[in-house]
Amino acid sequence: MFLHLGGDVVVPKKDIIAILDHRTKVSPATREFLEISKDEGFIKRISNNDKDKSYVVTTKEIYISPISCITLRKRSDTFQEE
């Protein structure tokens, strides 16, 4: 199954490692992780700068999504994998 992250971005659910709230970037460890990921080119922005609501960490990239982590969680639970 797939999960729609916003915009035109859809990723396989099996590739998702974590869905983080945008407020977690306050943590020094998370901030460092995101800065290194940005420097390495792994960050893909789906939203405008003022609409960031969640970070979706996948096996290949990190997406900055305009959709809240709660909504993404509900979407992922809508269709249970068999």
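Here are the numbers:
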item	result
For the chain, diffusion coefficient by Stokes-Einstein and Kirkwood Rh (Cα), 10 °C, 1.306 mPa s, µm²/s	123
Distant-in-sequence amide H partners of Phe2 (H built 1.01 Å from N, under 5 Å)	Lys13
Helix-only mean residue ellipticity at 222 nm for the chain, each DSSP H run of n ≥ 4 adding -39500 (n - 2.57), per residue, nearest 500	-8500 deg cm²/dmol
Whole-Hz ³J(HN,Hα) from phi, Karplus 6.51 cos²θ - 1.76 cosθ + 1.60, for the range 54-62, glycine and proline x	7, 10, 10, 8, 10, 5, 10, 8, 10
Loop-located GluC sites (Glu not before Pro) in the range 7-71, at most 16 other Cβ atoms within 10 Å (DSSP)	Glu61
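Values quoted throughout were computed directly from the atomic coordinates according to the rules given, and no laboratory measurement underlies them. Just so it is clear, the model here is predicted, and its values are computed rather than measured. Cβ sites come from the backbone with ideal geometry, for glycine too, and all protein chains shown count toward neighbours.
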